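Novice: Mind having a look at this structure? Questions to follow.
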Amino acid sequence: MKSSRFFPLTVSCLAAFILLAGYAASGQYGTVRGFVYEKETGEPVIFTNVYLFKTNYGAATDVNGYYAITRIPPGSYTLMVTYLGFDTLQMYITIAADQIITQNIYLEEKAYMLEQVQVLADREEARTETRTSVVKITPKQIRQIPSLGSQPDLAQYLQILPGVIFTGDQGGQLYIRGGSPVQNKVLLDGMIIYNPFHSIGLFSVFDTDILRNAEIYTGGFGAEYGGRISSVMDITTRDGNKSKYSGRIGASTFGANVLLEGPIKKQKTDGRGSSSFILSAKNSYLEESSKIFYDYVDESGLPFNFQDIYGKISLLGANGSKVNFFGFNYNDQVNNYKALSDFRWESLGGGTNFLVIPGESPVLLEGHIAYSQYQVSLEEATSPLRTSSVNGFNMGLDFSYFIGKDELQYGLEMLGFKTDYQFYNFIGTKSSQEQNTTEIGGYLKYKKTAGKWLIEPSMRLQWYASLSNMSPEPRLAIKYNLNDWLRIKFAGGLYSQNLISGNSDRDVVNLFYGFLSGPDNLPATFDGKEISHKLQKAEHAILGTEFDLGQHLTMNAEGYYKNFSQLTNINRQKLFDENKYPDEPDLLTKDFIIERGYATGADLTLKYDHNRIYFWAVYSFGVIKRKYEDMEGDLREYHPHYDRRHNVNLVAAFTAGKKYDWEFNARWNFGTGFPFTLTQGYYPLMLFSDGIYTDYTMVNEELGIIYDDLNKGRLTPYHRLDLGIKKKFELGRYSILEASVNVTNVYDRDNLFYRDRITGETVYQLPVMPSAGISFSF
């Protein structure tokens, strides 16, 4: 345990040394910092440029609207902010040596669109941020694609991102560049969300109306994130309106949603503090509405039910320091659908995060503490009850220090959780686990701007208490600006995690999604070599380029390789209790097995955004392989069920009307077939349920299946066209009525979901499904 106390101290001391060195060198310069807000709502303006006119000094606002321009020579300057849809703001400031000026900025909405401003802002960000394998998503983008049920949702937008594979409309999951869902870390305002998607697969737990920004890291992420080996989804919600009470009410053929927000204490531009609230709720009544609108899909209805509630209170100080308190309750239920008897899960939690700007210090302090839990159960007609739960806390502190165009970040994180899992395999052998664990992490990250180079090394130390394992994880991101229109970038690093999934990567269709703490009772060897640790580990390497093909046309190309050097998987072949049969092979007695593998591929994106036209094209090529030991200890190779070789997404949106009040959008997706295991034949199966006392003359035989090698076959390709149309009606200055009509799977493609090996029944993904919705904003 000495290591767990030593490495946070090491990180803190190293960060303090860099801070003191930078601070000593900056005594002859001044700093201006603050926040940029929308004057009408008080919402922070994110990712816009704040700069000193006719100089090279400037900075972009972050997800909180915060900017800091440091190392400014003493003198008088014009501070400027330009942002799409808002008036350009100018103010005169005087900088003195060793002085920190706090200047909050309030932008007023403009009557016409100044698109050129946003184009320049995007170009500047591309040149000053490494941005390897990360996509930033805003609610505006989510609403630009056709939406199932006329409800724009983050889950539907994620499916069009490079490297993201979606396995189905019903019970489907998202797999990111070869990583399974449990290897994707999901954060909501700093709080861990264990299952962000509902059973129907096309809806997330997040209401689009409350989102401020979502950053999706598909690989190569920095040391500020730990505990996952594939990807990160970092989601930030917005604050409530600080100027007036407002809301939104919506309903569609799938469900309904309501949003209420407003000031507790109104925000003023004279620098006084404020407070606000926001409350969101949405639900699905598809189980009932499908009997009316979609009885051709299933006469008994589509019994996918969910309800999501989220609330937040924000307290804002005069200098921009802020405290948020938030809580959520998400639940999901499927009733007697197909082979399922009963499936449900519930997730709830709450916490606080804060942002502090010390009066005379150039450091920005952010922190969070939260608790969340997740419980899931599945009872099938022919199988025993499966259950899983995970609950725990996570907390962290992050420090940011701006040194001219450079930036230093460091922080500490701690989390503790309890897992409780119970599962039965196909012959009724039970696997169970109940465990408490603690993880402690510390990181240091420095971004250096040197001419055309951006160099961003980072280091993370992660301590897994329950496994007594320390994981040092160096990471690096680099970008080189060849010229104003071409950039080369690289990212890579080492990653580890403890949490594992309650289902197997070999499962094709499995709604049951449980969690377990990484076990310490693993096989002692793999491929004839001794296992030196109990963690799951991966190494990433990504190389890419960014092209500005025109003023409004950009292209991004990336190649990646993820080496999953050690994975832990559920052992579906367990037959015996290890304590009773210690001499049997590990493959027949262990609850878990070790696997290795890799994911490699390339992603190409093309984006055009100008005036009324938006176009987004994505092509992804990927290969995923896993290796495991068979009974003889030989390595066998297979493709997991989400290995899709080619995936294409095309999205187009067109805005029409003098008031931009009509919008037409379309999305087409094509994907080659997923792997599956072929059936070689059948045989009479005697289970001998009473062991040696079974009277085989009195017991009915069952139909046994002879399987081919794992996942040697391929399903038919998947493709689907979705169309949508929206119309806005301005009823007043703040009152807008919006009506939408969407059609999913326009040409009614029979996309295969699964085929029952016994009955031969074929189940398809969702057929053509028109939907309509209406919403009222006030």
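Novice: Can you tell me which residue among 623, 618, 651 is surrounded by fewer than 17 Cβ atoms within 10 Å (Cβ to Cβ), under 22 Å from the mean Cα position of the chain (by Cα) and in contact (Cβ under 8 Å) with a residue 12 or more places away in the chain?
Specialist: Values: 618 fails: surrounded by fewer than 17 Cβ atoms within 10 Å (Cβ to Cβ); 651 fails: surrounded by fewer than 17 Cβ atoms within 10 Å (Cβ to Cβ).
Answer to the selection: 623.
Novice: In the stretch 294-312, which residue that is among the aliphatic types (A, V, I, L, M) and open to solvent by 20 Å² or more (accessible area, probe 1.4 Å) is farthest from the chain's Cα centre (by Cα)?
Specialist: 297
Novice: So, in the stretch 251-275, exactly how many residues are touching a residue at least 40 places away in the same chain (Cβ under 8 Å) and closer than 16 Å to residue 205 by Cα?
Specialist: Qualifying residue count for the region: 4.
Novice: Still on this structure, please answer the following. Filter the stretch 248-288 down to residues that are among the hydroxyl-bearing types (Ser, Thr, Tyr) and over 30 Å from the mean Cα position of the chain (by Cα) and give me whichever is most open to solvent (accessible area, probe 1.4 Å).
Specialist: Ranking the qualifying residues of the stretch 248-288, first place goes to 269.
Novice: Assuming residue 534 fulfils every condition listed in (1) charged (D, E, K, R); (2) out of contact with any Pro (no Cβ under 8 Å at 6 or more places or on another chain); (3) not in a strand (DSSP E or B) apart from one, which condition is it?
Specialist: (2)
Novice: Would you call residue 602 surrounded by fewer than 21 Cβ atoms within 10 Å (Cβ to Cβ) and farther than 30 Å from residue 494 by Cβ?
Specialist: For residue 602, the condition - surrounded by fewer than 21 Cβ atoms within 10 Å (Cβ to Cβ) and farther than 30 Å from residue 494 by Cβ - is not met.
Novice: Would you mention how many residues in the stretch 713-760 are under 30 Å from residue 702 (Cα atoms), open to solvent by less than 60 Å² (accessible area, probe 1.4 Å), at pLDDT 90 or above and not in a loop (DSSP other than H, G, I, E, B)?
Specialist: The qualifying residues number 1.
Novice: Where residues in the stretch 733-757 are polar (S, T, N, Q) and touching a helix residue (DSSP H, G or I) at 6+ places or on another chain (Cβ under 8 Å), which of them is nearest to residue 41 (Cα to Cα)?
Specialist: Step one: list which residues in the stretch 733-757 are polar (S, T, N, Q), which gives 735, 740, 742, 744-745, 751.
Keeping just the survivors that are touching a helix residue (DSSP H, G or I) at 6+ places or on another chain (Cβ under 8 Å) gives 740, 742, 744.
Numbers: 740: 26, 742: 30, 744: 35 Å.
My answer is 740.
Yes or no, residue by residue, for (1) modelled with pLDDT of 95 or more; (2) open to solvent by less than 10 Å² (accessible area, probe 1.4 Å):
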residue: 474; (1), (2): yes, no
residue: 478; (1), (2): yes, no
residue: 491; (1), (2): yes, yes
residue: 498; (1), (2): no, yes
residue: 503; (1), (2): no, no
residue: 509; (1), (2): no, no
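Novice: From 278, 292, which residue is in contact (Cβ under 8 Å) with a residue 40 or more places away in the chain and among the aliphatic types (A, V, I, L, M)?
Specialist: Only one candidate qualifies: 278.
Novice: Name every residue in the stretch 53-93 that is under 35 Å from the mean Cα position of the chain (by Cα), over 14 Å from residue 402 (Cα atoms) and open to solvent by less than 30 Å² (accessible area, probe 1.4 Å), in order of residue number.
Specialist: Answer for the stretch 53-93, where residues must be under 35 Å from the mean Cα position of the chain (by Cα), over 14 Å from residue 402 (Cα atoms) and open to solvent by less than 30 Å² (accessible area, probe 1.4 Å): 64, 65, 80, 81, 82, 85, 86.
Novice: Which residue is most open to solvent (accessible area, probe 1.4 Å), if the candidates are limited to the stretch 123-158 and must be more than 14 Å from the chain's Cα centre (by Cα) and of a type in the set (Lys, Arg)?
Specialist: 140
Novice: Right, here's the next one. Would you check if there is a residue in the stretch 480-497 being farther than 30 Å from residue 532 by Cα, touching a helix residue (DSSP H, G or I) at 6+ places or on another chain (Cβ under 6 Å), in contact (Cβ under 8 Å) with a residue 24 or more places away in the chain and in a strand (DSSP E or B)?
Specialist: yes
Novice: From (1) under 28 Å from residue 476 (Cα atoms); (2) touching an Asp or Glu at 6+ places or on another chain (Cβ under 6 Å); (3) open to solvent by 50 Å² or more (accessible area, probe 1.4 Å), pick out the condition that doesn't hold for residue 567.
Specialist: Going through (1) under 28 Å from residue 476 (Cα atoms); (2) touching an Asp or Glu at 6+ places or on another chain (Cβ under 6 Å); (3) open to solvent by 50 Å² or more (accessible area, probe 1.4 Å) one by one, residue 567 breaks only (3).
Novice: Mind checking which residues of the stretch 275-295 are among the polar types (S, T, N, Q) and out of contact with any Pro (no Cβ under 9 Å at 6 or more places or on another chain)?
Specialist: 280, 283, 284, 289
Novice: Just to be sure I understand, how many residues within the stretch 626-644 are open to solvent by less than 50 Å² (accessible area, probe 1.4 Å), at negative phi and not in a strand (DSSP E or B)?
Specialist: 7
Novice: State whether one or more residues within the stretch 740-756 are within 30 Å of residue 244 (Cβ to Cβ), touching a Lys or Arg at 6+ places or on another chain (Cβ under 9 Å) and hydroxyl-bearing (Ser, Thr, Tyr).
Specialist: yes
Novice: Residue 704 passes all but one of (1) touching a residue at least 40 places away in the same chain (Cβ under 8 Å); (2) open to solvent by less than 70 Å² (accessible area, probe 1.4 Å); (3) assigned to a strand (DSSP E or B); (4) farther than 30 Å from residue 772 by Cβ; which number fails?
Specialist: The single condition residue 704 does not satisfy is (1).
Novice: Shifting gears a bit: Sort out which residues of the stretch 525-557 are over 30 Å from residue 486 (Cα atoms), loosely packed, with under 15 Cβ neighbours inside 10 Å and in contact (Cβ under 8 Å) with a residue 60 or more places away in the chain, and write them in order of number.
Specialist: 527, 528, 531
Novice: Return only the number of the condition from (1) open to solvent by 30 Å² or more (accessible area, probe 1.4 Å); (2) in contact with a Gly (Cβ under 8 Å, 6 or more places away or on another chain) that residue 765 does not satisfy.
Specialist: Among (1) open to solvent by 30 Å² or more (accessible area, probe 1.4 Å); (2) in contact with a Gly (Cβ under 8 Å, 6 or more places away or on another chain), residue 765 violates only (1).
Novice: Could you tell me whether residue 607 is basic (Lys, Arg) and either touching a helix residue (DSSP H, G or I) at 6+ places or on another chain (Cβ under 8 Å) or in contact (Cβ under 8 Å) with a residue 12 or more places away in the chain (or both)?
Specialist: Yes; evaluated as a whole, the condition is true for this residue.
The values are calculated or read from the model by the stated rules, or taken from the named source; none is laboratory data. Quick caveat, the model's predicted, so the values are computed rather than measured. Note that each Cβ is placed from the backbone with ideal geometry, even for glycine, and that neighbours are counted across all protein chains shown. Protein only, heavy atoms only, side chains kept; ligands, DNA and RNA dropped before computing areas. Shrake-Rupley method; radii C 1.70, N 1.55, O 1.52, S 1.80 Å.
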